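Novice: One structure, as structure tokens, below. Some questions next.
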Amino acid sequence: MEAAPTQALRVENIAKRFGALTALRDVNLHLNQGEVLGLIGDNGAGKSTLIKILSGFHKPDEGRILVEGEEVALRSVEHARQVGIDTVYQDLALVNELSVYHNMFLNREKIRWPLLNNRLMRRLAKQHLDDMGVNIQDVTVEVAKLSGGQRQAIAVARSVYSDARILLLDEPLAAMGAKEGTLILDLISDLKARGTVSIIIIAHNYAQVLQVCDRVNVLQHGEITFDKPTSQTSQQELTDLVVAEYRAGRAARAANNRRSNP
Amino acid sequence: MSDTIASPAATGADQPEPPRPARRVLRTATDAFLRRREASVLLVAIGLVVYFQASTPIFLTTDNLRNIAQATAPTAIVAVGIVLLLVSGEIDVSVGMVAALAPYLMHYAIDLYSIPAIPAILLALVIAAGIGFVNGFITIRLKVPSFVTTLGTFYLLYGVLLTTSHAYPVAIPEPTKGNIQTWLGAGDWATLAWCLLVVAIFHIVLTQTRWGLHTISVGGNPLGATEAGIRATRVKTGNFMIVSVLGAFAGLLEAFRINSIDPNIGGGTRITFTAIAAAVIGGTALAGGSGTVIGALLGMLVLAELQNGFNLLGISANSFFLIQGIAILASMIANQYLSRLRRAGRT
Ligand SMILES: Nc1ncnc2c1ncn2[C@@H]1O[C@H](COP(=O)(O)OP(=O)(O)OP(=O)(O)O)[C@@H](O)[C@H]1O
Ligand SMILES: [Mg+2]
């Protein structure tokens, strides 16, 4: 709060319910200019839900969002893109039936009215993937034919080359092999060095989080319960934090069982 | 790095490989052809021509070709719309009734409200678009599966048609006689010309425009398309409207051609089902995400050839349906098999 004159993104008191289920209760979070923020938490903690609110996909039930100091009510994914937010979704949002290059320009197609400018999109897609070091020989193949890691690389490349100022990456490393994972981490480091984009990244591998992030937040029970610079925390602390809860729950259940069957 | 990719891009070539011996090029070309979904249907269409021409010499006469063209064209126009809608993941079984209703709408506008011919025709098309919009609205906003929605509108429109027309055929309105009627269906090759135009336009729409890409996306991965910011509601509703308008257009062409407005144009469900059959035979999957407009035209051509050829050979019309049924099942099975082959074929 006392930090930075302009925060790239600021989230206040966000709540989101799906029917009877409360996915997010009261989320407060900020992202400084040029910063990489790691967001961790259990499966089902609500991380993806938060990302989808920031991407304009879901509307929050409560709370407000500030982009570069200005409050915005994100109306749609397109609107979020207009204010500079781009997202790699956990499910990647790729269309199997379309080619690699059409996926890379999905809903951002290059047009030579009234037709698609396929040649330009092919060239740019190839160029972006090569720049990233992703090995895809033929950008005209359908993404259905690619491996999980290649698909993920395409989804990441699509966002990274979108000129967004805020990138939201929901588990961009999940299906990556060691080499490709490093490739994405390097890419994030490059972006950080340039200092023009601010990034929220969700990951379950704490070593990777600590390697690439400036700061870590933990989402638990619909709230941010932990917020520290990476320099002041460790893999051990993060693991303990998430596992401690599980241990406590197990101990409580065990105690319960003992009480009910003496 | 950008240097290495600049060269193939500059030449605009898809495949940056060096030139190959002619035989391999030929083989790749055959390969590419056979990979296209339309290819097998085209082969069947050509095979039927050869077979029927060998069996009866009048098959390839101008008169008979006109018959085939006239049997193909209106339903193929409907099938084009059906393809777009199926690709976007929905279906419309009411379109045949829109085809039957449209000429009546024109007739009411001209003969009851004294509206001039061209505006009356446009009015019928606009009302058809409205029907498509309602189908889309009920399906998407009110979350009724499109089969059920359009089954409902099918009966609803049937009711409207029968109550307003008292189930009587009427004559083509006087003001449309002459040029309009000739151009819009009565001319010898008019329906075929319109059909080819519609096929060409929507082939380009589906494969070369943003609308087509979004139609495929919405049908192929509804959630992903929405996450990417594509307005699925708008795309689907638009395609419902396209089907309806094409249905109305086909109905008008048919009325002008047979020179009478008949409540039984296309036998109600006939035109719809034949159009869906043509789309399916042409290689469009009901699951959404893939389909071809040209395939639907070829599928319709195959059905028309069969019907016509059987007629010429004096085989009873009843067994035609037997063949049509087998054709649908066989092409669906072949599609499944071929798409598995295609998927296995490359990287
Ligand atoms: N569209 C939805 N409708 C109903 N419930 C939902 C929806 N999306 C998410 N939820 C629920 O909200 C909760 C949070 O889900 P979310 O996907 O945000 O978790 P997550 O932290 O991303 O988990 P993971 O690490 O497994 O990806 C879950 O209980 C989930 O079932
Ligand atoms: Mg998630």
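Novice: Within the stretch B:38-52, take every residue that is touching a residue at least 12 places away in the same chain (Cβ under 8 Å) and not β-branched (Val, Ile, Thr) and give me the one that is nearest to B:VAL199 (Cα to Cα). I'd like the intermediate steps shown before the answer.
Specialist: Here is the first cut: in the stretch B:38-52, the ones touching a residue at least 12 places away in the same chain (Cβ under 8 Å) are B:38, B:40-42, B:44-45, B:48-49, B:51-52.
Next cut, not β-branched (Val, Ile, Thr) only: B:38, B:40, B:42, B:45, B:48, B:51-52.
Values: B:GLU38: 14, B:SER40: 19, B:LEU42: 15, B:ALA45: 17, B:LEU48: 22, B:TYR51: 26, B:PHE52: 26 Å.
That would be B:GLU38.
Novice: Could you list, in sequence order, all residues of the stretch B:59-86 that are surrounded by fewer than 24 Cβ atoms within 10 Å (Cβ to Cβ), assigned to a helix (DSSP H, G or I) and β-branched (Val, Ile, Thr)? Steps first, please.
Specialist: Looking only at the stretch B:59-86, we keep the residues that are surrounded by fewer than 24 Cβ atoms within 10 Å (Cβ to Cβ), and these are B:59-71.
Next, only the ones that are assigned to a helix (DSSP H, G or I) stay: B:62-71.
Correct list: B:THR62, B:ILE68.
Novice: Of all residues in the stretch A:90-113, which are free of Cβ contacts under 8 Å to residues at least 40 places away in the same chain and open to solvent by 60 Å² or more (accessible area, probe 1.4 Å)?
Specialist: Selection gives A:ASP91, A:LYS110, A:ILE111, A:ARG112, A:TRP113.
Novice: I would also like to ask the following. From the list B:PHE133, B:PHE154, pick out the single residue that is open to solvent by 30 Å² or more (accessible area, probe 1.4 Å) and among the aromatic types (Phe, Trp, Tyr).
Specialist: Numbers: B:PHE154 fails: open to solvent by 30 Å² or more (accessible area, probe 1.4 Å).
Checking each option against the conditions leaves just B:PHE133.
Novice: Let me ask something else about it. How many residues, within the stretch B:259-279, are under 17 Å from the mean Cα position of the chain (by Cα) and modelled with pLDDT of 90 or more?
Specialist: Counting residues in the stretch B:259-279 that are under 17 Å from the mean Cα position of the chain (by Cα) and modelled with pLDDT of 90 or more gives 9.
Novice: Only residues that are assigned to a loop (DSSP other than H, G, I, E, B) and either under 10 Å from the mean Cα position of the chain (by Cα) or of a type in the set (Asp, Glu) (or both): list them for the stretch B:283-308, please. I'd like the intermediate steps shown before the answer.
Specialist: Kept after step one, since they are assigned to a loop (DSSP other than H, G, I, E, B), are these residues of the stretch B:283-308: B:283-292.
Within the stretch B:283-308, B:THR292 is the sole residue that qualifies.
Novice: Please state which of the following conditions B:ALA225 fails to meet, knowing it meets all the rest: (1) more than 18 Å from B:LEU105 (Cβ to Cβ); (2) open to solvent by 30 Å² or more (accessible area, probe 1.4 Å).
Specialist: Of the numbered conditions (1) more than 18 Å from B:LEU105 (Cβ to Cβ); (2) open to solvent by 30 Å² or more (accessible area, probe 1.4 Å), the odd one out for B:ALA225 is (2).
Novice: Can you find, within the stretch A:170-197, the residue that is nearest to ligand 1 (Cβ to nearest atom) among those that are buried (at least 22 other Cβ atoms within 10 Å of the Cβ) and within 18 Å of A:LYS52 (Cβ to Cβ)?
Specialist: A:ASP170
Novice: Report whether or not B:TYR113 is touching a residue at least 24 places away in the same chain (Cβ under 8 Å), aromatic (Phe, Trp, Tyr) and open to solvent by 80 Å² or more (accessible area, probe 1.4 Å). So that I can check it myself, show each step before the final result.
Specialist: Values: touching a residue at least 24 places away in the same chain (Cβ under 8 Å): no; aromatic (Phe, Trp, Tyr): yes; open to solvent by 80 Å² or more (accessible area, probe 1.4 Å): yes.
No.
Novice: Inspect all residues belonging to the stretch B:188-196 and state whether any of them is within 14 Å of chain A (Cβ to nearest Cβ), among the charged types (D, E, K, R) and either assigned to a loop (DSSP other than H, G, I, E, B) or open to solvent by 30 Å² or more (accessible area, probe 1.4 Å) (or both).
Specialist: Step one: of the stretch B:188-196, the residues within 14 Å of chain A (Cβ to nearest Cβ) are none.
No, there is no match, as no residue in the stretch B:188-196 is within 14 Å of chain A (Cβ to nearest Cβ), among the charged types (D, E, K, R) and either assigned to a loop (DSSP other than H, G, I, E, B) or open to solvent by 30 Å² or more (accessible area, probe 1.4 Å) (or both).
Novice: In the stretch A:26-51, which residues are among the charged types (D, E, K, R) and out of contact with any Lys or Arg (no Cβ under 9 Å at 6 or more places or on another chain)?
Specialist: A:ASP26, A:ASP42, A:LYS47
Novice: Here's something else I'd like to know. In the stretch B:315-347, how many residues are modelled with pLDDT of 85 or more and open to solvent by less than 60 Å² (accessible area, probe 1.4 Å)?
Specialist: 1
Novice: Can B:PHE240 be described as more than 19 Å from A:ARG81 (Cβ to Cβ), open to solvent by 10 Å² or more (accessible area, probe 1.4 Å) and of a type in the set (Phe, Trp, Tyr)?
Specialist: Values: more than 19 Å from A:ARG81 (Cβ to Cβ): yes; open to solvent by 10 Å² or more (accessible area, probe 1.4 Å): no; of a type in the set (Phe, Trp, Tyr): yes.
No; evaluated as a whole, the condition is false for this residue.
Novice: Further, regarding this structure: Which numbered condition trips up A:ASN28, out of (1) more than 22 Å from A:LEU92 (Cβ to Cβ); (2) of a type outside the set (Gly, Ala, Ser); (3) within 16 Å of ligand 2 (Cβ to nearest atom)?
Specialist: All conditions are met except number (3).
Novice: What single numbered condition from (1) closer than 18 Å to B:ALA129 by Cβ; (2) open to solvent by 40 Å² or more (accessible area, probe 1.4 Å); (3) within 14 Å of chain A (Cβ to nearest Cβ); (4) not β-branched (Val, Ile, Thr) fails to hold for B:PHE202?
Specialist: Result: B:PHE202 fails condition (2) only.
Novice: Filter the stretch A:121-140 for residues that are crowded, with 16+ Cβ neighbours inside 10 Å and touching a residue at least 40 places away in the same chain (Cβ under 8 Å) and give the result.
Specialist: A:MET132, A:VAL134, A:VAL139
The values are calculated or read from the model by the stated rules, or taken from the named source; none is laboratory data. If you're wondering where the values come from, they're calculated on a predicted model, not measured in any experiment. Heads up, the Cβs are rebuilt from the backbone with ideal geometry, glycines too, and the neighbour counts pull from every protein chain shown. When the accessible area is computed, the model is the full protein with side chains, heavy atoms only, and any ligands, DNA or RNA have been set aside. Shrake-Rupley method; radii C 1.70, N 1.55, O 1.52, S 1.80 Å.
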